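The next block holds one structure in the form of structure tokens; read it before the comments.
Please treat every number below as a calculation from the coordinates, not as lab data. Note that this is a predicted model, so its numbers are computed, not measured. Glycine also receives a Cβ, built like all others from the backbone with ideal geometry; neighbour counts cover every protein chain displayed.
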Amino acid sequence: MDKAEVRKRMRALKAAVPPEEKLRRSRIIMQRLGCSPDFVTAQVALLYWSMADEVQTHEFVNQQYSTKTLLLPCVQGDDLVLRQYTGPDCMVSGEQFGIGEPTGPVWTDMEAIQLIAVPGVAFDLDGNRMGRGRGFYDRLLKSTPKATKIGIAFDFQMLDHIPTEPHDVRMDRVLTDAEN
């Protein structure tokens, strides 16, 4: 399958999952992230504020922000900038996509980020990730070479192989809701 076919297939699969089932599966995935040694030991972690079709992160972000520094991406032009999440009151609707984004100063200490939870359209068994096609995360991930990169996905988003390009950044591992 080419990238367009993969994206179309994943859109259909995600749309077929009822919201309550998506939330149940998301809680399993986020619990796995929360228990992972990389997350437990990270003092600074970059998460994401989920869109309706992604692994749901809102509960997890709200549970964790008081125990460590949590950053969330904000779309600024063709790039992602990072801001610290300090609680539900810090959120505004993003200008480009309407995704919740924290207010406050831009985080610039990319070396301090120890873990990144990365959404994706699909992942493969080699840790390759396919995003939505604009390259936001690939550009961001290249600026954080020391951080552990963990893909976050529903089990049906895992494929044997996805098409890749030289600029794609590979994940260190991918967490899903599938039984291990």
request  = Test each condition in (1) out of contact with any strand residue (DSSP E or B) (no Cβ under 6 Å at 6 or more places or on another chain); (2) of a type in the set (D, E, K, R); (3) surrounded by 19 or more Cβ atoms within 10 Å (Cβ to Cβ) for Glu101 and report the one that comes out false.
outcome  = (1)
note = (1) surrounded by fewer than 17 Cβ atoms within 10 Å (Cβ to Cβ); (2) β-branched (Val, Ile, Thr); (3) part of a loop (DSSP other than H, G, I, E, B) all hold for Val40 apart from (3)
request  = Within the stretch 1-57, track down each residue that is acidic (Asp, Glu) and in contact with a Lys or Arg (Cβ under 6 Å, 6 or more places away or on another chain).
outcome  = Asp53
inquiry  = If a residue must be closer than 17 Å to Ala178 by Cα and among the small types (Gly, Ala, Ser), how many such residues does the stretch 1-55 contain?
reply    = 3
remark   = Here the qualifying pairs (Cβ atoms under 6 Å; residues six or more apart or on different chains; first in the stretch 20-44 and under 25 Å from Met110 (Cβ atoms); second assigned to a helix (DSSP H, G or I) and of a type in the set (A, V, I, L, M)) come out as Phe39/Leu33; Val44/Ala112
ask   = Can you pull out the residues in the stretch 47-72 that are more than 22 Å from Pro105 (Cβ to Cβ), part of a loop (DSSP other than H, G, I, E, B) and not β-branched (Val, Ile, Thr)?
value = Ser50, Met51, Ala52, Asp53, Glu54, Gln56
request  = Please enumerate the residues belonging to the stretch 75-114 that are part of a helix (DSSP H, G or I) and within 23 Å of Thr148 (Cβ to Cβ).
outcome  = Met110, Glu111, Ala112
remark   = In the set Gly94, Gly127, the lone residue that is within 26 Å of Asp155 (Cβ to Cβ) and small (Gly, Ala, Ser) is Gly127
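What number of residues within the stretch 104-134 are among the hydrophobic types (A, V, I, L, M, F, W, C), under 17 Å from Arg173 (Cβ atoms) and buried (at least 18 other Cβ atoms within 10 Å of the Cβ)?
Matching residues across the stretch 104-134 total 8.
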note = Here the residues within the stretch 135-171 that are surrounded by 14 or more Cβ atoms within 10 Å (Cβ to Cβ) and part of a loop (DSSP other than H, G, I, E, B) are Gly135, Thr144, Ala147, Ala153, Phe154, Ile162, Pro163, Thr164, Asp168, Val169, Arg170, Met171
task = Could you please find all residues in the stretch 51-69 being within 18 Å of Leu141 (Cβ to Cβ) and buried (at least 21 other Cβ atoms within 10 Å of the Cβ)?
result = Val55, Thr57
query = So Ala117 clears everything in (1) touching a residue at least 12 places away in the same chain (Cβ under 8 Å); (2) assigned to a loop (DSSP other than H, G, I, E, B) except one condition, right? Which one?
reply = (2)
ask   = Are any of the residues in the stretch 145-166 under 22 Å from His58 (Cα atoms) and free of Cβ contacts under 8 Å to residues at least 12 places away in the same chain?
value = no
